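A.B. asks: Take this structure, written in structure tokens, and hold onto it; I'll ask about it next.
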Amino acid sequence: MKCSDVERVLPELLDGAPDGAFPADFETHVKSCPACSNLVSDLKLISSEARQLAATEEPAPRVWLRIAAELRAEGLISDAAIREPESAPTRPILVPTSRRPRWSARWLAPVAAAVVAAGSYVVSHKPAPQVAKQQAPATRVASPIPETPAATSASAPTPAPRQMAQKPAKPTDTIRPAVEPESSEEDQQFLTAVSTRAPSMRTTYENQLKAVNADIRETQAYVDRNPGDTDARQHLMDAYEQKALLYQIALDRIQ
Amino acid sequence: MRDSLGKFVQRKEFEAASERLAAGKGDLTDPKQGITEAEAIEQAKQGREAAFEVLYHLHKRRVYSLCLRMVSNPAQAEDLAQEAFLQLFRKIATFRGESAFSTWLHRMTVNVVLMQLRKKGLPVVSLEETLAANDEAPKKEFGTKDVKLTGSIDRLQLQRAIDRLPPGYRTVFVLHDIEGFEHNEIAQIVGCSIGNSKSQLHKARLKLRDYLTFMRAEKAKTG
Ligand SMILES: [Zn+2]
């Protein structure tokens, strides 16, 4: 057998034959030919390494939120209506078709708007994410000098500083513990509203809120360490939008 | 895929973090602490949201990863994963357990992705040998003869190499080597012959080997 013969039969042999069960003349050539030997072992390596890629990627939390919204819209989720007759919507649930907020209830809208605004604010303050995140309203508004003034003025609406200021101050350690931080005031307000209007859904929303808060926290930590990473900053903004979407879906559902 | 390095690193960190958090907090979606898949399927048939959510979390990574490998675009992959789950959940009442739920879901996901590729006019599998000649095959001088990948492949590099594969090759490679479908299944799914599936796979692997060798040589050059 020659090299060209090996190349010809390889597509058939590589997956068809169990290890070591290659025809004798094939084996003989491969053993004595470094090029073919390298080729065979590389192709096997690629194939086996590829298997490791099967479930490595985590979808963003918004994927589930969209699925859940669609399932509700199509009536495939029925327990909310059964268990919450007093709050079951009589009109069709409005499913957000885009990620643009479409606030329809007064009691949560300012909160959700603030979530987005806060996200814009934090993300746009590139040089000082630590400061921006960690409090003191005066400092937050006045002191960090944005590297990108245009982006800042466009993306930090007026409510942001006020809403952010309501958050309790956190320690300014650069290394943060991997524990759940205390819920923010708007989260508490949100969960209280859910508890009042749809007690059975509280756990669901509490978990989703935890997930998205964890995402924000981890992304923020990453951005702090890699302030120049635009992907990470985009992800952080997405995470805030995600949170806003969660509020929106909740209010569509339980008002 | 642009910026894939940053995203990849970032994603690894998120994954580690969320696993840590889930492990410590007794997440309701954790199958170990909640209901089994079979119970979730039954409850989803009753329309219970929590059951759908459990099923989603059990399979989200596998489904999303498959979509991402096939289209190399996170936003598109999210849409496809969403569509695959929705199709599955809409038909869940008809699921009788003849085949594994995961098999059913993965088959459905592949169909959703292929449908999308076809809609966009991308070749699901390159039936013509000419395609192989046309695409940007790496130059031979990057050496398939005397260079060896030496026992290990960087996962990120492999990912980037797969992203560079022409769609036809990529489909068969993803389905066979990543997802573990057999050639006869692939032939049926994408509508080609078994021999065609085998030769596409082989060419995909050869291309990946060239890409990887090239990447390694470049890396060595730049330090
Ligand atoms: Zn040889």
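A.B. asks: So, in the stretch B:65-79, exactly how many residues are more than 10 Å from every other protein chain (Cβ to nearest Cβ), under 20 Å from residue A:238 (Cα atoms) and part of a helix (DSSP H, G or I)?
C.D. replies: Residues meeting the conditions: 1.
A.B. asks: I would also like to ask the following. Checking residue B:106 against (1) surrounded by fewer than 18 Cβ atoms within 10 Å (Cβ to Cβ); (2) part of a helix (DSSP H, G or I); (3) at pLDDT 50 or above; (4) not hydrophobic (A, V, I, L, M, F, W, C): exactly one of these is not met. Which one?
C.D. replies: Evaluating residue B:106 over (1) surrounded by fewer than 18 Cβ atoms within 10 Å (Cβ to Cβ); (2) part of a helix (DSSP H, G or I); (3) at pLDDT 50 or above; (4) not hydrophobic (A, V, I, L, M, F, W, C) leaves (1) as the failure.
A.B. asks: Looking only at the stretch B:184-207, count how many residues are of a type in the set (D, E, K, R) and either in a loop (DSSP other than H, G, I, E, B) or touching an Asp or Glu at 6+ places or on another chain (Cβ under 7 Å) (or both).
C.D. replies: 1
A.B. asks: Hey, another quick one. Run residue A:169 past the list (1) at pLDDT 50 or above; (2) of a type in the set (A, V, I, L, M, F, W, C); (3) out of contact with any Pro (no Cβ under 9 Å at 6 or more places or on another chain) and report the number of the one that doesn't hold.
C.D. replies: Checking residue A:169 against (1) at pLDDT 50 or above; (2) of a type in the set (A, V, I, L, M, F, W, C); (3) out of contact with any Pro (no Cβ under 9 Å at 6 or more places or on another chain), the one that fails is (1).
The values are calculated or read from the model by the stated rules, or taken from the named source; none is laboratory data. Computed from a predicted structure; not experimentally measured. Glycine gets a Cβ as well: all are built from the backbone with ideal geometry, and neighbour counts include every protein chain shown.
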